[in-house]
Amino acid sequence: MSPGTKVTREVLEAGRGRLRVVGRAGVGIDNVDLQAATEAGCLVVNAPTANTVAAAEHGIALLACMARNVSQADAALKAGKWQRAKYVGVSLVGKTLAIMGFGKVGSEVARRAKGLGMHVIAHDPYAPADKARAIGAELVSFEEAIAKADFISLHMPLTPATSKVFNDESFGKMKTGVWIINVARGGVIDEDALVRALDSGKVAQAALDVFTVEPPAKDSKLVLHENVTVTPHLGASTVEAQEGVAIEIAEAVGGALRGALAATAVNAPMVPAEVLSELAPYVSLAEKLGRLAVQLVAGESGIKGVKVVYTSARDPDDLDTRLLRAMVTKGIVEPVSSTFVNLVNADYTAKQRGMRIAEERVSHDNAAAEAPLESIQVRLSHVQSKFAGAISDGGDIVVVGRVKYGVPHLTVVGPYEVDVSLEGNLILCRQIDQPGMIGKVGNILGRRNVNVSFMSVGRTSRGKQAIMAIGVDEEPDKKTLEKIGAIPAVEEFVFLEL
């Protein structure tokens, strides 16, 4: 099926259980109702790899085209103007290219840019550093990447964290005369801000294959700007890529019809009702712990080692943890990626991202316990944290949770014991243990109409260090968080979306 074909709940229900698989000939599956497909027991597969090279080549094509003013010079010459002096270009050799998003396409662009003699740096919060080094690229922070780059090529997914991440503020931190290429998703750029940056000269030129709204308006200031080169979302549009996508999706659909579950499946297989009923709150707990842990990682450090520890009174043969491991992976990967993670593709996804996920089971001495699990621990090793309080004595980011009254709860952060429901969102504060801290933070949130659902304080010893875990329904604005950080006893804080 193509992007224009809509597989809605009505279509799936009309199949009356006979529709077994939906194949999307490409990456995006926005036109498929995944929830309805899962409910109907219909597997959805896509073709995520066949157009990688085509997209990378188009990025390089736009890079070279822009650097040498090809599109502008072509239009001028066809209009009868011979303007050699006006369209003097710039050389690529020796220039610094920042690749924002070092996944399949970004890494292929890096390989080609190195062949052009460019110095390549890259930013991807969770890309393996050894993979970048093997290609000859240096992983750096977002701030360092945009500040050092002569050219910036975007290859990041569109997520809540990346939406309009290139805005007035980020453009202001770039070199004057920087060049921008986007073959990723239009929404990662604030298009009005880009027009302002082009008008001021902060951005010399931009080459865009994607737009926030496609097709863009005919009177779009961005599209019509003299220093912008545009193409109509042609990243995957080569004969070879189209053929490769067709073959890849045909193989995935064929395998699904034979009963083989491909790694490109994007919706979870049906789980027996009795198993799902028992594990449901632990499935939610596992995902939330993964989602919480990944947000504690400092962006440039990457994630390699993940360990999941299950404490249970059950015999190991009576507890299948594959679904729980998959949900930890889902929590870690999905907040920073457009990848859909489930029981089918979790291990494949982790391997592709260079993550090694180990599991350990610890016997719980209460043999009469009816619950399948006492607790789940997620431990990230060899990473830096943007919240030092989450680092355990062993130097790892550690979070532990359990299910209480059917609801996932956070019970340990680093060396601190807490007790807070993982519903809504979470604020963690590390502070000096002293009276009045709960009231001070609570008053700041209350004055800003932020509803507090839970609040818990854990400490190492009286009068020393403490962590306050605060469950909130809404995301506090920047000023509210700054006021919390300005409390003298607060040493650090972090807001986490769950």
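Data overview
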read-out: Cβ-Cβ under 9 Å pairs, at least 6 apart or on other chains, region 56-69 side touching a residue at least 12 places away in the same chain (Cβ under 8 Å) and farther than 10 Å from residue 181 by Cβ, far side of a type outside the set (A, V, I, L, M) and in a helix (DSSP H, G or I); value: 56/104; 56/106; 56/107; 56/108; 56/111; 56/112; 57/108; 57/112
read-out: Answer from 416, 405 - the residue that is among the aromatic types (Phe, Trp, Tyr) and either in contact with a Ser or Thr (Cβ under 9 Å, 6 or more places away or on another chain) or surrounded by 14 or more Cβ atoms within 10 Å (Cβ to Cβ) (or both); value: 416
read-out: Pairs with Cβ under 7 Å, 6+ apart, first in region 209-226 and more than 16 Å from residue 196 (Cα to Cα), second of a type in the set (Lys, Arg) and surrounded by 15 or more Cβ atoms within 10 Å (Cβ to Cβ); value: 210/185
read-out: Hits in region 95-104 - residues which are part of a loop (DSSP other than H, G, I, E, B) and of a type in the set (A, V, I, L, M, F, W, C); value: 102
read-out: Residue satisfying condition, being in contact with a Ser or Thr (Cβ under 6 Å, 6 or more places away or on another chain) and either crowded, with 16+ Cβ neighbours inside 10 Å or of a type outside the set (D, E, K, R) (or both), within set 235, 244, 177, 187; value: 187
read-out: Which numbered condition residue 407 fails, given (1) farther than 16 Å from residue 293 by Cα; (2) in the same structural domain as residue 497 (by TED's automatic domain parsing); value: (2)
read-out: Of all residues making up region 190-201, the number that are in a loop (DSSP other than H, G, I, E, B) and buried (at least 18 other Cβ atoms within 10 Å of the Cβ); value: 1
read-out: Complete set of residues in region 377-400 that are out of contact with any helix residue (DSSP H, G or I) (no Cβ under 6 Å at 6 or more places or on another chain) and farther than 13 Å from residue 415 by Cα; value: 381, 382, 385, 386
read-out: Members of region 84-140 that are of a type in the set (Ser, Thr, Tyr), under 20 Å from the mean Cα position of the chain (by Cα) and under 18 Å from residue 180 (Cα atoms); value: 107
read-out: Hits in region 368-418 - residues which are farther than 23 Å from residue 455 by Cβ and of a type in the set (D, E, K, R); value: 370, 374, 379, 393, 396
read-out: Residue within region 113-129 that is charged (D, E, K, R), at pLDDT below 95 and not in a loop (DSSP other than H, G, I, E, B) present; value: no
read-out: Residue 198 being in the same structural domain as residue 163 (by TED's automatic domain parsing), modelled with pLDDT of 95 or more, touching a helix residue (DSSP H, G or I) at 6+ places or on another chain (Cβ under 9 Å) and closer than 28 Å to residue 176 by Cα; value: yes
read-out: Some residue of region 470-479 being outside any loop (DSSP other than H, G, I, E, B), crowded, with 18+ Cβ neighbours inside 10 Å and over 27 Å from the mean Cα position of the chain (by Cα); value: no
read-out: Flag for residue 378 being part of a loop (DSSP other than H, G, I, E, B), of a type in the set (A, V, I, L, M, F, W, C), crowded, with 21+ Cβ neighbours inside 10 Å and not assigned by TED's automatic domain parsing to the domain that holds residue 491; value: no
read-out: Count of residues meeting criterion [over 13 Å from residue 360 (Cβ atoms), over 13 Å from the mean Cα position of the chain (by Cα) and crowded, with 17+ Cβ neighbours inside 10 Å] in region 300-327; value: 8
read-out: Tally, over region 28-47, of residues that are farther than 23 Å from residue 159 by Cα, touching a strand residue (DSSP E or B) at 6+ places or on another chain (Cβ under 9 Å) and part of a loop (DSSP other than H, G, I, E, B); value: 1
read-out: Test set (1) assigned to a strand (DSSP E or B); (2) not assigned by TED's automatic domain parsing to the domain that holds residue 277 - residue 434 fails condition number; value: (1)
read-out: Selection within region 350-364 - touching a Phe, Trp or Tyr at 6+ places or on another chain (Cβ under 9 Å) and outside any loop (DSSP other than H, G, I, E, B); value: 359, 360, 361, 362
read-out: Qualifying position, being crowded, with 18+ Cβ neighbours inside 10 Å and without any contact (Cβ under 8 Å) to a residue 40 or more places away in the chain, among 493, 454; value: 454
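So that you can scan it fast, the table gives a plain yes or no per residue for (1) part of a helix (DSSP H, G or I); (2) under 26 Å from residue 146 (Cβ atoms); (3) not basic (Lys, Arg):
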| residue | (1), (2), (3) |
| --- | --- |
| 16 | no, no, no |
| 26 | no, no, yes |
| 49 | no, no, yes |
| 73 | yes, no, yes |
| 80 | no, no, yes |
| 89 | no, yes, yes |
| 93 | no, yes, yes |
| 106 | yes, yes, yes |
| 110 | yes, yes, yes |
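Table: residues versus (1) assigned to a helix (DSSP H, G or I); (2) under 30 Å from residue 36 (Cα atoms); (3) of a type in the set (Phe, Trp, Tyr).
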| position | (1), (2), (3) |
| --- | --- |
| 171 | yes, no, yes |
| 212 | no, yes, no |
| 216 | no, no, no |
| 253 | yes, yes, no |
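The values are calculated or read from the model by the stated rules, or taken from the named source; none is laboratory data. Computed from a prediction, not measured in an experiment: that's the story for all the values here. All Cβ positions, even for glycine, are placed from backbone atoms using ideal geometry, and neighbour counts span all protein chains on display.
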